[in-house]
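Below is one structure; the comments refer to it alone.
Laboratory data are not the source of any read-out in this text; all were calculated from the coordinates shown. Given the structure is predicted, the values throughout are model-derived calculations rather than measurements. Here the Cβ positions follow ideal geometry from the backbone for every residue, glycine too, while neighbour counts run over all protein chains shown.
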Amino acid sequence: MSVIMAARAVLLVAIVTGGCNATGATQIPTVKLATPTPPTTASGSAVVISTPPSLRGTWTADVEGTTASSGVWTLEITAANLALQNPVGGDSFTLDPTSITDTSMVLPAAADCPDQSVVTPGMYSLALTGDALVITAVSDSCGDRRAVLVAGPWARKH
């Protein structure tokens, strides 16, 4: 048996046994968006950004009908970063913007994001009206990240 055929057989067994659910409970798939590498300067030191005070706080949005997990996602905007929390479980993960203003945001390319033929940074426009934040994609090759961020409007939690 060739190495390729053996590998295919092992993969098939893993798929078949992994698909069995002896408890009868329905498994809910989770999607963890790619964690980008924090930006660095030419000297290798980390880039420090400061988010606009008007955007800081905890935000929620109902994400439905995308490739990402459905449910209420949480976006935490601190003075130095943004973090997303998947409603299906898992730890929150940072987005590490390379720049952010009251009206725009650039996120680093996420090479480990699935289904990308070309890996590009995420560029977004931001519109804040009262306690509603609308994020619009200008461009982003990471489909899951884009789907979650534009699912809003994001509502500020008090």
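Using a Förster distance of 25 Å, how high is the FRET efficiency between Ser99 and Val72, based on the Cβ-Cβ distance and rounded to 0.05?
Once the sixth-power term is evaluated, E becomes 0.35.
Highest mean first, how do 57-63, 143-149 rank when packing is the count of other Cβ atoms within 10 Å averaged over residues?
Descending mean neighbour count gives 143-149, 57-63.
If you take all C-alpha pairs in the stretch 59-158, what percent of them are over 22 Å apart?
Everything past 22 Å amounts to 22 percent.
What is the spin-label model distance, in nm, from Thr60 to Ala79 if the labels are put 7 Å beyond Cα along the C-beta direction?
Label at Thr60, label at Ala79, 2.7 nm between them.
At Val88 and Ala132, where each label point lies 7 Å from the Cα along Cα→Cβ, what is the point-to-point distance in nanometres?
So the label points at Val88 and Ala132 sit 2.9 nm apart.
Distance between Cα centroids, the stretch 48-77 to the stretch 79-158: provide it in whole Å.
After rounding, the separation between the Cα centres reads 7 Å.
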